Each structure stands twice: as C-alpha cells, then as structure tokens.
Ligand SMILES: [Zn+2]
C-alpha cells in the first residue's frame with residue numbers, strides 16, 4: 001500500500017495549488033504518479049480498490065441471464081422516501097413494494113444530476129453528465145454510445161414509451177425500433193395509457209418471433225404540475241388533517257421566482273398533492289408487475305429495473321419546490337431495484353452507494369451484451385454485498401440560477417460546492433459555500449439532515465473533499481466543452497410550463 005498525497009495530485013495541475021498539508025489516503029498499489037494519469041489512478045483506486053477482490057469473486061459467482069428480456073421502468077421526480085420500500089407510508093405504493101420484496105434494492109441510490117433528460121442520459125449511457133454532454137433539458141446527447149445501441153446490436157427489439165417531449169433527444173433514439181413520445185406542444189401522456197401500449201407491444205413482439213426485447217417506460221406523473229387522481233388527493237388531504245381543503249391552483253404549478261413565502265399549511269398541501277401523484281402512479285404501473293410476476297413461474301428470463309431520474313424538494317428548504325436548482329438529498333436520492341426472474345438477489349437491501357450511471361453496465365453484464373462500463377461505474381450485481389469507499393459526484397449546471405453546483409460524497413460526508421464564473425472564484429454574495437455535512441446526523445431526511453454545516457469547524461475535511469473533486473474532474477470532460485443549444489419559442493414555453501425557467505431557482509433562495 002502506497003500513501004498517495006491527493007493534494008499533490010490536484011495541485012500538480014496548478015488548479016488549486018495550496019501550501020497546506022496534503023491529505024493522505026490509504027490506497028493499494030498505483031501506477032507511477034504522472035499528473036493526469038495519477039489523478040485518474042487515484043480516482044480509480046478510490047472507487048475500485050475496496051472492490052477489486054469482491055469483483056473478482058462476484059463475477060465468478062454472479063449468474064448471468066443471456067438473452068433475457070429487459071424491462072426498464074422509470075418514474076419522473078420520484079423521491080426515494082416516497083415509496084413504501086424506501087421508508088414512505090405503508091399502503092402508498094403496494095405494487096412497487098411487492099416488487100421490491102422480490103428484488104435487490106439499493107436504498108442509498110442517487111442520481112448524478114437532478115434534471116430529467118441528463119439523468120435519463122446517464123442511466124442509458126453509464127456516463128457522468130459532463131461526459132455525455134446532456135447538461136440540462138435544452139441539450140442533446142453529446143457522447144454515447146447508449147446501452148440501447150448495444151442491445152440492438154445483440155439482436156434485441158427495442159421500444160420506448162415516453163410521456164413528454166423531455167425525453168425526445170435525437171441522441172437517445174439510436175437502437176430503438178419504436179420511440180413513442182409526444183412532440184412539443186402535445187400534452188403529456190398518462191402512465192396508464194403508456195402501460196397499455198407497452199403491454200400490447202410486448203404481446204405483439206413475442207407473437208412475431210423469438211428475439212429478446214427491451215422495453216423502457218417512463219411515467220411523468222409526480223412531476224409538477226401536481227394533479228393526481230381526485231380520490232387519491234382526497235385520501236392524502238384527509239390523512240394530512242386537511243380533509244376537504246381547497247387547494248390554490250397556483251400550488252399545483254411550478255413555483256415562480258419571487259412568489260410569496262410558503263406557510264406550513266401550503267407545505268402540507270404540497271406534500272399531500274405530491275403523495276397523491278405517487279399513489280396514482282403505483283396503481284397505473286401495477287399491470288406491468290403482473291407480467292414480471294408471470295415470468296417467475298416460467299418462460300424466458302426477464303430482468304426488470306425500476307428507478308427514478310431524481311427526487312423533489314417540496315418547499316422545505318429555501319421555499320423551493322422543484323428539483324433542478326439544488327443538490328439536497330431530497331432531490332438526489334432515488335428508488336432503485338433490480339428484479340430477476342431467476343430470483344438472484346431476491347429480498348436483499350444493499351448498503352452500496354449506488355448511482356444511476358451504474359445501471360447500464362450492470363444490465364449489459366447480466367445480459368452478456370457487449371457494452372463496457374465507463375466513468376467508474378460499478379456492476380451492481382457483482383458489488384451489492386459490499387460497501388466500498390466510493391467517491392460520487394452529483395452536479396447541476398445552473399439551469400435556473402447563477403452558479404454551477406457540485407455535491408461530493410465520500411466516507412459519509414457530503415460537500416456542497418458552488419462554482420461562480422469560469423474561473424471558479426468564490427462569490428462574496430454567497431458566503432454559505434462550501435458547506436459540509438455528515439450524512440449520519442439527523443437522519444436522512446429529518447429536519448436537521450443537511451442542516452448543521454460543519455465546514456467552518458472542519459476545514460481539513462472541506463479541503464479533502466475539494467481535492468477529491470479536483471482529482472475526479474481531471475478524468476472528465478469539462479462542462480464548457482458542450483455548447484448550449486439556442487432555446488426559444490415553443491421549447492422555451494414548454495420548458496417553462498414544467499418549471500424550467502431562467503432565474504427561478506438557486507439565485508433567489
Ligand atoms: Zn425528471
């Protein structure tokens with residue numbers, strides 16, 4: 001074991017030169033430290049060191065499912081703690097909870113970016129957002145390939161059933177035989193309708209031949225505007241002690257900047273409206289799980305992945321309602337489960353810090369499809385039993401505010417960084433950055449979680465995570481590498497209708 005000075009690695013590029021003592025990490029053997037190569041090795045070692053022996057064993061004992069069908073179901077804006085198997089109310093998501101009880105579940109999974117199109121791109125490419133180049137909903141995919149292309153090359157029939165224009169990225173189309181989505185100006189499609197079409201497509205595909213299939217279905221319901229089934233709203237309002245309350249229409253819509261402060265009743269209403277959408281979504285998806293259940297007792301193998309693109313903040317911080325402008329756990333934590341018809345991993349809850357960008361490589365390995373993971377992605381089937389020290393980064397690229405943000409996770413600590421301007425110079429207007437949190441304090445979503453900023457008293461830990469981020473970013477593309485497309489007209493209006501407006505978020509608290 002060499003002791004590697006992370007600070008020297010970062011400073012070697014001259015980005016964050018510092019005279020302070022360097023932080024050391026116990027790491028296994030590394031290649032000769034040669035600047036960029038050493039930085040990559042450092043990150044690779046942080047990510048992979050604790051895993052290497054596990055992976056070797058894991059690969060040997062993880063059964064694969066070559067030629068299995070693949071069902072990917074994603075729900076927009078679904079918080080990890082909104083589903084029963086993630087700590088939500090019992091009875092809100094009975095369909096998903098039943099599926100989870102037979103699945104390998106990752107309660108600590110996160111999205112690398114809390115924005116729809118970029119998060120879905122990470123899911124399908126196995127890449128960090130700054131490496132696939134789809135930085136917010138206005139961008140297209142800059143770099144693939146996607147898992148779908150690999151599946152198509154392997155002979156899979158591939159179809160996507162999507163609810164809105166947000167997923168209409170030409171870069172995500174290759175490999176799909178059918179890419180069904182509304183275009184700009186058309187209303188979003190409900191999950192119930194998408195499920196019906198998806199099941200019909202499966203039936204037709206299976207009747208037409210023996211090729212395996214991949215089906216991706218994305219449900220939009222929990223995303224604002226909040227307009228769940230009336231009976232679910234009544235139930236949730238009553239459960240919140242607000243039976244019969246009238247809901248101001250503005251509360252259902254994306255919250256504009258400069259809106260009057262929320263009061264406690266409004267926050268309670270918001271939580272109830274959101275909960276009603278989640279309950280309605282669970283019921284709409286239920287027919288899919290019958291299909292999954294049927295494969296447990298025979299027929300071709302089936303691998304099912306269920307997850308979300310990001311969570312949602314419901315007015316409990318900064319009076320913010322939405323997901324793009326901050327990087328709190330409410331927005332980053334997502335439900336994630338893997339279900340296999342052969343029962344592998346059944347009933348296991350993994351402690352692994354999983355990331356959405358792990359999914360593509362995991363699926364490819366399980367199906368024996370040629371798609372090499374990149375970007376420090378882990379094979380979740382091979383590594384779920386361990387809890388390695390893992391460096392994870394989540395980002396948001398100022399879609400609504402005036403500065404980029406990063407969240408850096410390592411050893412139970414979370415650093416909130418902010419980047420002001422191209423040179424990364426601190427802003428006197430935001431002395432609240434950087435912030436450091438111990439994620440074990442106050443519970444994961446409790447009132448004090450991410451509430452006690454440790455940065456003032458623990459500058460060494462801030463420096464350590466900052467240097468880890470600097471080392472990590474050596475191996476990635478720079479956000480500035482990707483050109484923001486011009487957004488105007490109908491796309492601008494459509495994005496604003498979903499709350500993705502300029503100046504609505506981070507800058508205004
Ligand atoms: Zn989304």
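Between the C-alpha center of segment 68-88 and that of segment 454-470 there is a gap of 33 Å. Between residue 89 and residue 267, the C-beta separation translates, for a Förster distance of 22 Å, into a calculated FRET efficiency of about 0.85.
Between residue 497 and residue 260, the modelled labels are 2.7 nm apart [label points 7 Å from Cα along Cα→Cβ].
How large is the translational diffusion coefficient of segment 166-303 in µm² per second when you combine the Kirkwood radius over alpha carbon pairs with Stokes-Einstein at 10 °C and 1.306 mPa s? Display every interim value, and only then the final one.
On the way: Rh = 17.8 Å.
The diffusion coefficient I find is 89 µm²/s.
Rank the residues 201, 128 as a footprinting-exposure proxy: fewest other Cβ atoms within 10 Å of their Cβ go first.
Details: 201 19, 128 26.
Lowest to highest Cβ neighbour count: 201, 128.
In whole angstrom, segment 110-183 maps to an equivalent ellipsoid with semi-axes of 19, 15, 10, each derived as √(5λ) from the alpha carbon gyration tensor and ordered largest first.
As a test of understanding, state the convex hull volume per residue of segment 321-460 from its alpha carbons, in Å³. Mind showing how you got there, number by number?
Numbers: hull volume 21.8 nm³, N = 140.
Taking the convex hull of the Cα positions in segment 321-460, it is 156 Å³ per residue.
Potential lengthening of the chain between residue 425 and residue 458 amounts to 9.8 nm, from the contour at 0.36 nm per residue minus the alpha-carbon distance. Modelled this way, with points 7 Å down the Cα-to-C-beta line, the labels at residue 480 and residue 318 are 2.4 nm from one another. Each of 295, 300 has some number of other Cβ atoms within 10 Å of its Cβ, and from fewest to most they run 300, 295. For segment 220-378, the Kirkwood estimate of hydrodynamic radius, built from reciprocal distances between every pair of different alpha carbons, is 18.3 Å. If the chain linking residue 294 and residue 348 were pulled fully straight, counting 0.36 nm for each residue of separation and taking away their Cα-Cα distance, it would gain 17.4 nm. Counted by neighbouring Cβ atoms within 10 Å, the residues 233, 330 run from fewest to most as 233, 330.
Cβ-Cβ distance of residue 439 and residue 211, R₀ of 56 Å, FRET efficiency by 1/(1 + (r/R0)^6): the value works out to about 0.80.
Bear in mind these aren't lab numbers, they're just calculated from the coordinates by the rules spelled out. Because the structure is predicted, anything quoted here is derived from the model rather than measured. Quick reminder, even Gly has a Cβ in these numbers, built from the backbone with ideal geometry, and neighbours come from all protein chains shown.
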